[in-house]
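The values are calculated or read from the model by the stated rules, or taken from the named source; none is laboratory data. Everything numeric here is computed off the predicted structure, so don't read it as measured data. Here the Cβ is made from the backbone with ideal geometry for all residues, glycine too, and neighbour counts use every protein chain on show. Heavy atoms of the whole protein, side chains included, go into the accessibility calculation; ligands, DNA and RNA do not. Shrake-Rupley method; radii C 1.70, N 1.55, O 1.52, S 1.80 Å.
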Amino acid sequence: MIADLTLNTKEGFRNFILSDNTSQLKRLIAIFDDIHATKGISRQFDFETINLALHEGFLDEDKKIACYTDHQIFERYQKFHLKEKFTGKQAITLKEINNLQPGDFVTHIDHGIGKFGGLEKININEKQQEAIRLIYKDGDLLYVSIHSLHRISKFVGKDGTAPSMNRLGSNNWNKLKERTKKKVKDIAKELIKLYAERKAAKGHQFPPDSYLQHELEASFIYEDTPDQLKATIDFKKDMEADYPMDRLVCGDVGFGKTEVAIRAAFKTVADSKQAAVLVPTTILALQHYKTFSDRLKEFPCRIEYISRFKTQKEQTKIKKELKEGKIDILIGTHRLISKDIEFKDLGLFIIDEEQKFGVGAKEKLKKIKVDVDTLTLTSTPIPRTLQFSLMGARDLSIINTPPANRYPVQTELQPFGEELIRDAINYEIDRGGQVFFVHNRVQNITEVADMIQRFCPDVSVGIGHGQMEGHKLEKVMLDFIDGKYDVLLATTIIESGLDIPNVNTIIINQAQNYGLSDLHQLRGRVGRSNKKAFCYLLTPPLSTLTSEASKRLKAIEEFSELGSGFNIAMRDLDIRGAGNILGGEQSGFISDIGFEMYHKILDEAVHELKETEFKELYKEEIEKEYVRDCQIETDMAILITDDYITNITERLSLYKELDNIQEEVELQRFRLRLIDRFGPVPPQTEELINTIRLRWIARELGFEKIIMKTEKLTGYFITNQESAFYQSERFTKILRFVQQNPNLCRMKEAKDKLSMTFLNIKSVEEGLRILKKINENNMEY
């Protein structure tokens, strides 16, 4: 870069460096000054800075100007270049489903638990199709069409116990499903009631963003990741609505949830209300106090924190000023929800690391939460909050994109050994970093410190644990942050939210004694800068551990990529089972039907409740979708052919992915990916892609089932004759079409089922075209 600038100056060019971020420009000037001072390179060039965004730099020979942009210098490109991660559901199920091996247990929503028997070619009316073969009790076979893949899911119950298989055609499965549905409905009723109460309650309606809010967001030194931006937009929408917000922001460790919380807190303060931030540990309270103060130091906003680090006198003063409204944001531990803490005008309650609070604390919170906006942050959502949100009883924002230049933490399972510990500590210190050593027993923590000192004599070791006096612990922490210690030997007190970018190695002793989310949290303390980070889990030989412990350790080692907190919570559900969503009783019936199927039933139950008891509350939502799933049966050759993709596992995984696609944009992407990987798409596969579009339109038109055989397309309408669909505008539209095109289609009712048939339909594309016409209200065909 310097050579380039020097050459330009020699040839009479003016150099310009452009950036839309002023702090970036200051940083650039500082870098050049630094090189100039330390490397002793004489400065034979000049450049000017311009605060302006430009897509890319250029050289103009005539005007003699050379422009450079900051994102080209640092190779940090603009927002729209951020890679699209695939979203939500796919990420979790893909991994699971790809691993469907013949012999695995699967659950079919209509037939119950069977064994997966692989993909198989079948002939229908002389035409080849592919289907999935399921084996049930007594060797009964069931072939599931590739269009119904979303109706089966891998059986995930409590690990290690084989489920009992169902017999095809017996009523046991339906009874179990109904029983489950009834139980689930009782729970869901309570939930929806809470949700309805919240939606009906009057909350404070915050005004749109003030200029101060824009200032704060512009001063963020990093670039927002797309998910951070979305979470920010989401919570603002909630705060500006007239009912209380209850949003769960689930983002992995170090993905920038705190920034979202700061923005929400400041929005509250800008409207002259107070914000409270509840954190699980005293150290985190201190950490947040520092972070909030740094971010908000330019703004008219007073921040305080309350914890056992504060003396009685200081606490009394804080309480008094809080009541008078002199403190805008108060950060604190459980002390914050004690009876003697009174706010003048509380507008927002932020709960950080919700999974750390017990039932008692949560009950107290519920009382506060009724009419106050609540924002909950969590990095490994405990299964219960995960279920809550997946069901739609709370609003969920997921932050999935890591900040730029982050690497996954390299995680290794190792037996305890002197050489390993010595090498790990020395390697980290040689590259100028620091180390966390986690040992969760206060009784012999000093012996461990002596041992580390013996292994690495020239290293300074600090000790921190929860039984130390407040000010001593605070001092150790601050000294460690300032770099006075190389190794911090601590209990799990460090696990929540500590943010020290210079620490990039963590060694966890007796790792088998920790829960999954604890391990994930601890690992999240490192790898918070652009250096490669390491996490060593020290355990006794694996053969001596319980199966659950070794599964936990395998899971943490397996999910080491960035953003895997969500997957870890899902795996946690597998290992522990999910528990009753509302309260203390851990439930058993999930292990009877498998977790994913439990979710599908949960989903159905909630939908039925929305259609019946809570009709008024969800009126708009129900009108949007009268039919939730449309089954397709056909005798056409619709499949991914062998000569196009030979690998069976790959075909199965693509069928599954295709079957779960819900939007046209994703479908186009899927097709382009096929072309990119396997070449031009054969006609049978194009038809397969069209069946997905056909299913979407059929659902909109109110068809529960479509049969395309012998050049006819028959659509069967909703079975429930009481459905609001039959009084809807949509149905009227269809009737009008039938009247105006008598020679094209006919409608008939047989055995209480209404159907509509079109003739001369030779391909899925033709069927798609005609259904589109009806949907677009185009009567002339």
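Brief remarks on what is shown
- Output for the range 95-119, where each listed residue is modelled with pLDDT under 80, within 14 Å of Ile648 (Cα to Cα) and open to solvent by less than 60 Å² (accessible area, probe 1.4 Å): Ile97, Asn98, Leu100
- Within the range 758-768, the set of residues being modelled with pLDDT of 90 or more and open to solvent by 40 Å² or more (accessible area, probe 1.4 Å) comprises Glu765, Glu766.
- Counting only strands (runs of 3 or more DSSP E) that sit wholly inside the range 265-356, not one has at least 1 residues that are at positive phi and hydrophobic (A, V, I, L, M, F, W, C).
- Filter result (aromatic (Phe, Trp, Tyr) and in a loop (DSSP other than H, G, I, E, B)) within the range 226-264: Tyr243, Phe255
- Arg308 being open to solvent by 70 Å² or more (accessible area, probe 1.4 Å), among the basic types (Lys, Arg) and touching a helix residue (DSSP H, G or I) at 6+ places or on another chain (Cβ under 7 Å): yes
- Any chance Asp395 is touching a helix residue (DSSP H, G or I) at 6+ places or on another chain (Cβ under 8 Å) and open to solvent by 20 Å² or more (accessible area, probe 1.4 Å): yes
- Residue satisfying condition, being aromatic (Phe, Trp, Tyr), modelled with pLDDT of 80 or more, in a loop (DSSP other than H, G, I, E, B) and farther than 24 Å from Phe292 by Cβ, within set Tyr485, Tyr536: Tyr485
- Residues satisfying the stated conditions in the range 167-225, i.e. polar (S, T, N, Q), open to solvent by 80 Å² or more (accessible area, probe 1.4 Å) and outside any loop (DSSP other than H, G, I, E, B): Asn172
- Yes/no for Ile122 being assigned to a strand (DSSP E or B), among the β-branched types (Val, Ile, Thr), modelled with pLDDT of 80 or more and open to solvent by 10 Å² or more (accessible area, probe 1.4 Å): yes
- Pairs linking a residue in the range 166-181 that is under 18 Å from Phe105 (Cα atoms) to a residue that is open to solvent by less than 40 Å² (accessible area, probe 1.4 Å) and in a helix (DSSP H, G or I), with Cβ atoms under 8 Å and 6 or more positions apart or on different chains, are Asn166/Trp173; Leu176/Ile593; Lys177/Ile593; Lys177/Ile601.
- Residue check: Val260 meets all listed conditions (1) free of Cβ contacts under 8 Å to residues at least 60 places away in the same chain; (2) open to solvent by less than 10 Å² (accessible area, probe 1.4 Å) but one, namely (1).
- Those helices (runs of 4 or more DSSP H) lying entirely in the range 1-94 with at least 3 residues open to solvent by 70 Å² or more (accessible area, probe 1.4 Å) and either modelled with pLDDT of 85 or more or over 18 Å from Ala404 (Cβ atoms) (or both): 2-10, 22-38
- Test result for Leu735, open to solvent by 60 Å² or more (accessible area, probe 1.4 Å) and either aliphatic (A, V, I, L, M) or more than 23 Å from Arg628 (Cβ to Cβ) (or both): yes
- For the range 709-732, the candidate set comprises residues that are in contact with a Lys or Arg (Cβ under 7 Å, 6 or more places away or on another chain) and open to solvent by less than 80 Å² (accessible area, probe 1.4 Å); within that set, the residue that is farthest from Leu694 (Cα to Cα) is Thr719.
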